[in-house]
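Here is the structure we will look at.
The values are calculated or read from the model by the stated rules, or taken from the named source; none is laboratory data. Fair warning: this is a prediction, and the values are worked out from it, not measured in the lab. All Cβ positions, glycine included, derive from the backbone under ideal geometry; neighbour counts span all protein chains shown.
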Amino acid sequence: MNQIMNHQSPMTSRVTSRRVFLKASAAAGGGLLLNFKLAPLSAAAANTPETAYGAFIRVAPDGIVTIAAKNPEIGQGIKTSLPMIIAEELDVDWKNVRVETASVSEEKFGLQSAGGSTSIPRNWDNMRRVGAAGRQMLVEAAAKTLRVPASELTTASGVVTHAASGRSLTYGEIASKAAVVPVPDLKTVVLKDPKTFKIIGTATKDVDGPAIVTGKPLYGIDVSVPGMLYATYEKSPVFAGTVARANVDEVKAMPGVRHVIVVPGTLAPGATRLNSGLSGGVAIVADSWWQAVTARRKLRIEWNTPASVSQSSEGFAARAAELAKQKPEMSIRRDGDVDAAFKGAAKIVEASYSYPFLAHACMEPQNATAHFKDGKLEIWSPTQNPGAGRGIAAKALGVAEKDITMHMVRAGGGFGRRGANGNEMCAEAAWIAREAGAPVKLVWTREDDIRRDTYRPGGFHNFKAGLDAQGKLIALSDHFVSYGSNGNFANNAAMGGNIFPAEFVPNLDFGASLMPLGTPTGSLRAPGSNALAFVFQSFLDELAHASGRDPLEFHLDLLKERRAKAAGGGDDGRAAFNPERMTGVLKLVAEKAGWGKRTLPANTALGLAYYFSHSGYVAHVAEVMVNGPNPTPRNVKVNKIWVVADVGGHIVNPSGAENQVQGAVLDGIGQIMGQAITIARGATVESNFDAFPLLRINQAPPVEVHFLRTGNNPTGLGEPALPPTLPAIANAIFAVTGKRLRDLPLSKSPGASV
């Protein structure tokens, strides 16, 4: 059950970084149409044109309010929660609100993207003000109609009331008059007292829910346009490989096949970013997707493979072990004198950790539909970043972005895969459609989706820590072995210098060494944090046990004192880390889980972990049972996980928020149990869910979610709850067995069967 907890802390104000403007006009058929705009981000950009920002609001004569949701819906519920904010301040009943997906136009709407848990914090204040401005305009129109001062009017449920005379007008009745009312300055509009909220903070069903459960076409894979053909695309197993020769004529003669197209690769040698060019391969276009896939099985291709064909996971691990014995190639952060502190430490603890590449494994495989005609391109894509999709398609075809129309459709999961470096399906569909001379829907197979992913990069951490005689952490070093070259990390493979416990240890040294990588990498839910939380929170648990103290006591003590100058950012650099807020979630999750106060079943223990990610403070306690001396996916059972999150003072949609937290936790359990991508001869070994297992229903434990309400503006929830999941489980496993999980996944443990 979701519970909202009260916590007293000073309200923090947030200064709007851009000026917001409204434009009002009459809607077609009568009524009010509101369009709002933002001025440039900074004085440096003052000469750039203003662009429309949020959404159009239409108030129809019948009182129905339509709000266009501008950001991609990838399962995070933003198509519901952003319109809820506007509707709250507009003061209408949610039952009278209709939500529609906005068109893709950065000229009209500004940035349209989903990722980084940014949609709520970016839009919270401005969308409130737009709703409030609309309400004020409707009140002004009612005041003129009723010939009374606006100050004597109140609003509720889409009705303006003059209590003194008992008269009232619905929004629909005055909408057309409101369209000619002067638009207020958004900086001066009066916002609702949060105590009066009726929509914000109320559990609300997903606006697409009925269509989803009844199987209505919503997703990219559902798109259908007249005259559409179907395509599949065979690419080199080794990224950036190109076609040397293929049996094109033989395959072209198969039933239903219209075209067999050799697509020349445009990726530069050594490129590892999908948005830098088009992957070479052979596309098959047919009357049905099944015919295309059947014909594909007859393809025989000889590939020109790049030098990365020699790379392998085994080779990376061996090289990482060699580099760990050497000095780091680069420094990430240094505080104090680590070497001197180690010499004076009462106890030294050393440990090495690793984590593998991970695939995103979205339920909906990559797909896009494209139609190229008369020099113009139209694309339907379940992308997280329509602007990036348009850009990569324009580059592939050599057309201007203004000649490309993007259509935003709901995505069956994204998790970073469909972001800026994951829009290659737009370029591929566009290229194939142009060559085929017809609309084409390109749908990847599950094998394509797993073997051609932009993987969460693996990594290797080599820790050393010093504890004083009282068991306090006085020194910490980490030689991080990651991927990249020439001092530049591979995409999403970096570690910043602000990772906790940085700033809370007087002597600290973070360094890194890099290994070349030919496999593309990218963001995965809670980028960076999803891996770093496991290694840092697991090692801190080691230190807690080495100090002889209870882990909760150890962590609360560690959070008490900032012992080095704050660098001004968390793991994503977006907000400064606040130890008081983290202390709050730690204490509450311990209370909810009965930490140290419950008698647990045999072979069962609790594990604790916490993390600051994407401006959210989240702590987990995992109750885990291990039936055997060696923990494996078969004998490890997660009985329950308690989660406390501090993501500000307002949870816009508690139902959606709880869903996001629980989904993130279940993702984390799947990752720790058996998920890993292995590279051999430059190519991905795993190809489907038999080798890259998703979490099964019988493995999914109850996840009890609590939100600690603090006096801060709300932040996002798509990502912060995932990172602590893995170390909480790993720490519980240690508490049961005395064996430390240092290499993910659990299926790699001795005695485990993959």
So, restricting to strands (runs of 3 or more DSSP E) that lie completely within the stretch 142-257, which ones have at least 1 residues that are outside the structural domain of Ala370 (by TED's automatic domain parsing)?
153-156, 159-162, 167-170
Condition check for Leu708: at pLDDT 95 or above, assigned to a loop (DSSP other than H, G, I, E, B) and surrounded by 19 or more Cβ atoms within 10 Å (Cβ to Cβ)
no
If we keep only residues of the stretch 64-79 that are in contact with a helix residue (DSSP H, G or I) (Cβ under 6 Å, 6 or more places away or on another chain) and of a type in the set (D, E, K, R), then the residue surrounded by the fewest Cβ atoms within 10 Å (Cβ to Cβ) is Glu73
May I ask you to list pairs of residues, at least six apart or on different chains, whose Cβ atoms are under 7 Å apart, with the first in the stretch 462-482 being closer than 18 Å to Ser352 by Cα and the second being among the charged types (D, E, K, R) and surrounded by fewer than 24 Cβ atoms within 10 Å (Cβ to Cβ)?
Phe463/Glu350; Lys464/Glu350; Leu467/Lys347; Ser477/Lys464; Ser477/Asp509
I want to confirm something. Restricting to the stretch 160-213 and keeping residues that are of a type in the set (Ser, Thr, Tyr), out of contact with any Leu (no Cβ under 8 Å at 6 or more places or on another chain) and surrounded by 13 or more Cβ atoms within 10 Å (Cβ to Cβ), which single residue is farthest from Pro61 (Cα to Cα)?
Thr202
Being under 30 Å from Asp478 (Cβ atoms), under 32 Å from the mean Cα position of the chain (by Cα), surrounded by 17 or more Cβ atoms within 10 Å (Cβ to Cβ) and of a type in the set (Ser, Thr, Tyr) narrows it down to one residue among Ser308, Ser236; which is it?
Ser308
Scanning for something surrounded by 23 or more Cβ atoms within 10 Å (Cβ to Cβ), at positive phi and not assigned by TED's automatic domain parsing to the domain that holds Ala657, does the stretch 87-109 turn up at least one residue?
yes
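Test of understanding: among Pro439, Pro520, which residue is crowded, with 19+ Cβ neighbours inside 10 Å and in the same structural domain as Val285 (by TED's automatic domain parsing)? Even if it seems obvious, please write down each step before you answer.
Working: Pro520 fails: in the same structural domain as Val285 (by TED's automatic domain parsing).
Selected residue: Pro439, the only one of Pro439, Pro520 that is crowded, with 19+ Cβ neighbours inside 10 Å and in the same structural domain as Val285 (by TED's automatic domain parsing).
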Could you please find all residues in the stretch 410-420 being at pLDDT 95 or above and surrounded by fewer than 24 Cβ atoms within 10 Å (Cβ to Cβ)?
Arg410, Gly412, Gly413
Considering the stretch 556-608, residues that are of a type in the set (Val, Ile, Thr) and either over 27 Å from the mean Cα position of the chain (by Cα) or modelled with pLDDT under 95 (or both), and then whichever is surrounded by the most Cβ atoms within 10 Å (Cβ to Cβ), we arrive at Thr604
Could you check, for the stretch 291-298, whether at least one of its residues is surrounded by fewer than 20 Cβ atoms within 10 Å (Cβ to Cβ), in contact with a helix residue (DSSP H, G or I) (Cβ under 8 Å, 6 or more places away or on another chain) and not small (Gly, Ala, Ser)?
yes
Given (1) at pLDDT 95 or above; (2) over 30 Å from the mean Cα position of the chain (by Cα), identify the lone condition not met by Thr204.
(2)
Qualifying positions in the stretch 480-501 - small (Gly, Ala, Ser) and closer than 30 Å to Asp557 by Cα
Ala494, Gly496, Gly497
So for the stretch 672-686 (the condition being in a helix (DSSP H, G or I), surrounded by 24 or more Cβ atoms within 10 Å (Cβ to Cβ) and touching a residue at least 12 places away in the same chain (Cβ under 8 Å)), does at least one residue qualify?
yes
Can you tell which of Leu543, Leu514 is within 23 Å of Lys343 (Cα to Cα) and surrounded by 20 or more Cβ atoms within 10 Å (Cβ to Cβ)?
Leu543
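Yes/no matrix, rows are residues, columns are (1) more than 30 Å from Trp290 (Cβ to Cβ); (2) at pLDDT below 95:
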site: Met406; (1), (2): no, no
site: Gly422; (1), (2): no, yes
site: Glu435; (1), (2): no, no
site: Asn462; (1), (2): yes, no
site: Val481; (1), (2): yes, no
Which ones in the stretch 393-436 are touching a residue at least 60 places away in the same chain (Cβ under 8 Å), of a type outside the set (D, E, K, R) and farther than 15 Å from Trp380 by Cβ?
Ala396, Gly413, Gly414, Phe415, Gly416, Gly419, Ala420, Asn421, Gly422, Trp431, Ala436
